[in-house]
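Step one of this worksheet: look at the structure below.
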Amino acid sequence: MSTITAARISEAISELCLQAHWHLRRDVARCLKKALRRETNARARRLLQAIIDNAATAQRRKLAICQDTGLPAVFVELGQQARIRGDLNRAIQAGIRAGYTKGSFRHSIVKDPLLRGEPGVLPAVIHIDIVPGSRVKLTVLPKGFGCENKTQLKMFLPTASLQEIEAFIVDTVRAAGPDACPPYVIGVGLGGTAEAACLMAKKALLKDIAAPDKKLAGHLSALSGRLEKKIDALKIGPMGLGGRTTALAVRIEAGPTHIAGLPVAVSVSCHALRSATKTLV
Amino acid sequence: MKRITAPLQEKALRSLKAGDEVLLSGTIFTARDQAHKRLTQSLARRSKLPVALAGQVVYYCGPTGTPEHTVIGSCGPTTSRRMDAFTPALLAAGLKGMIGKGNRSPQTIAAIKKHKAVYFLAYAGCGALLAQFIRSALPVAYPDLGPEAIVRLQVRDLPLIVGIDCRGKSVYPVI
Ligand code: SF4
């Protein structure tokens with residue numbers, strides 16, 4: 001049986017914070033370059049180039065890709081045979097503090113939603129899934145709130161048409177418009193309960209956005225393809241100033257749901273989609 | 001590309017048209033949600049503001065901390081809509097320019113037109129790149145607000161796009 005110490009977890013989380021904020025995800029970089037290749041509008045090309053240059057500057061100068069270093073969500077896949085020595089939750093929070101301090105990342109979190117108060121870097125939101133095996137897979141997703149504020153959840157009737165569902169997803173992006181740093185990556189959660197749908201939508205953003213999602217069922221893959229086309233047809237473009245690419249990608253997670261319902265959640269991510277993952281054994 | 005300076009000169013400001021791309025040099029001040037709230041509260045109480053707004057440009061920005069050997073950390077624009085409720089009062093107090101990202105409310109657009117001000121867009125989500133145009137950063141008010149404190153920035157050739165000009169014309173399609 002493997003034993004993983006709290007100290008190793010903190011260290012890993014701290015590294016993941018720095019990696020996520022300093023190094024743009026490779027799949028995201030590939031999609032941005034593809035968007036630049038297919039863009040014909042001169043200003044949209046300049047803006048896409050600025051986004052690509054920004055990632056290079058961030059990496060070279062060890063600066064955060066975006067000043068909104070988010071409210072980090074930490075996803076833990078905890079092997080049920082793994083043994084953790086120490087306190088897992090505290091180890092994760094300590095890792096976030098260490099990473100955010102080292103990177104001089106922003107203090108964006110207030111302790112009380114109503115009283116607000118002086119912002120700090122903690123706490124992160126932690127999601128733990130128990131999985132088979134003895135590994136511990138850690139993922140840090142520090143999503144900014146410009147785009148987090150555009151999240152939508154709708155509880156559809158089970159008899160809703162696919163057209164209605166597609167329209168809701170496309171309207172969510174239309175409503176985000178130029179505000180949340182387009183071009184966007186759209187995570188869609190279908191099914192489950194209300195909170196499960198939101199979690200699936202967010203987890204969809206962790207999928208590779210440059211390669212086809214081979215594990216996805218055929219009807220869902222067709223849906224994501226149609227959504228990408230419809231969202232691009234909004235012509236919001238980089239910074240909302242027009243262009244061919246509004247959706248860098250749409251990714252879907254789906255799960256079983258109740259006979260009486262059909263929850264649909266949409267998580268909008270800006271082009272600065274940041275995350276990093278490490279597996280400890 | 002047109003070069004302009006801040007604080008804004010009236011003539012230069014009037015020559016700007018929605019969609020123009022400009023390079024801004026000079027002095028600007030960061031201010032976002034909580035600073036806007038405090039500034040408008042001070043205006044309502046008629047108490048002295050920590051920064052005289054007349055002719056100035058505010059940048060909707062809450063930078064990261066400042067890593068060693070740098071002037072400022074990542075410092076891109078934040079969503080301007082959240083400042084809409086406070087903007088007309090600041091414009092009435094003499095503010096002439098704003099820098100942010102995204103669209104503004106119809107009330108804000110009307111106030112921009114009324115007070116002959118201008119709203120610029122900065123490259124959204126490009127905070128590391130934009131940090132390269134900042135020459136100095138000096139905190140001037142509300143240090144307890146952390147990243148929301150007001151900071152005076154000296155900028156050099158900061159690339160901006162005119163989002164809404166002093167005639168109230170917007171670069172975005174009317175919504
Ligand atoms: S929406 Fe994304 S890119 Fe834009 S400011 Fe927020 S975190 Fe940064």
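Quick note: the coordinates plus some simple rules give every number you see, no bench work behind them. If you're wondering where the values come from, they're calculated on a predicted model, not measured in any experiment. Virtual Cβ from ideal backbone geometry, glycine too; neighbours counted across all protein chains shown.
Using 27 Å as the Cα-Cα cut-off, could you pick out the over-long pairs in A:111/B:113; A:154/A:229; A:33/A:230; A:62/B:101; A:33/A:143; B:2/B:37?
Numbers: A:111/B:113 39 Å; A:154/A:229 22 Å; A:33/A:230 21 Å; A:62/B:101 24 Å; A:33/A:143 22 Å; B:2/B:37 33 Å.
Flagged as over cut-off: A:111/B:113; B:2/B:37.
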Among B:62, B:13, B:79, which residue has its Cα furthest toward the positive end of the charge dipole of region B:2-164, with +1 on Lys/Arg Cβ and -1 on Asp/Glu Cβ? B:13
Under the 7 Å Cα-to-Cβ spin-label approximation, residue A:281 and residue B:89 lie apart by a distance in nanometres of 6.0
Rank A:76, A:48, A:2 by how far each Cα sits towards the positive end of the charge dipole of region A:1-88 (+1 on Lys, Arg Cβ; -1 on Asp, Glu Cβ) and give me just the farthest. A:48
Any idea how far the Cα center of region B:1-45 sits from the one of region A:64-122, in Å? 35
Taking the Cβ of each residue in B:109, A:130, A:51 as the centre, tally the other Cβ atoms inside 10 Å and list the residues starting with the fewest. A:130, B:109, A:51
About its Cα centre, what dipole magnitude does region B:2-164 give when the only charges are +1 on Lys and Arg Cβ and -1 on Asp and Glu Cβ, stated in debye to the nearest 20? 660
Residue among B:76, B:94, B:65 with the largest mean-square fluctuation in a Gaussian network model of chain B, springs linking Cα atoms under 10 Å: B:65
By the mean-Cβ-within-10 Å protection proxy, highest first, B:55-63, A:5-13, B:37-45 rank as B:55-63, A:5-13, B:37-45
Return the sequence-ordered ³J(HN,Hα) values of region B:111-126 in whole Hz as given by the Karplus equation 6.51 cos²θ - 1.76 cosθ + 1.60 applied to θ = phi - 60°, using x for Gly and Pro. 5, 4, 5, 4, 9, 6, 10, 8, 10, 9, 9, 9, 4, 7, x, 10
Can you list the residues, at least 5 places off or on another chain, whose amide H is less than 5 Å from the amide H of residue A:126, using H built in the peptide plane? A:74
Listed by chain and number, the residues whose amide H is under 5 Å from that of residue A:184, excluding neighbours fewer than 5 places away on the same chain and using placed H, are A:247, A:248
Over all residues in A:169-179, what is the mean tally of Cβ atoms on other chains that come within 10 Å of each residue's Cβ? 3
Using Cα centres only, tell me the gap between region A:216-281 and region A:146-163 in whole Å. 12
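Using per-residue counts of other Cβ atoms within 10 Å, averaged over each peptide, order A:238-245, A:268-275 from highest down. Please list the in-between numbers first.
Values: A:238-245: 24.4, A:268-275: 27.0.
So the order, starting with the most tightly packed, is A:268-275, A:238-245.
Can you give the FRET efficiency for residue A:112 and residue A:7, using 1/(1 + (r/R0)^6), R0 = 35 Å, r = Cβ-Cβ distance, to the nearest 0.05?
Numbers: r = 31 Å, r/R0 = 0.88.
The formula returns an efficiency of 0.70 here.
Summing +1 for each Lys or Arg and -1 for each Asp or Glu, what net charge is found among the other residues whose Cβ lies under 15 Å from the Cβ of residue B:134? Provide the component values of the computation, followed by the final result.
Numbers: positive: A:61, B:135, B:152, B:156; negative: B:157.
Net charge in that neighbourhood comes out at +3.
Do you know the relative contact order of chain A, to the nearest whole percent, from alpha carbon pairs under 8 angstrom that are 6+ apart? Don't jump to the answer; show the numbers that get you there.
On the way: 600 pairs, mean separation 78.0, N = 281.
Relative CO of chain A lands at 28 percent.
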Filtering chymotrypsin sites (Phe, Trp or Tyr not before Pro) in region B:91-175 by DSSP loop and by at most 15 other Cβ atoms within 10 Å leaves none
In debye, nearest 20: dipole of the protein assembly as shown around its Cα centre with unit charges on the Cβ of K, R (+) and D, E (-)? 1140
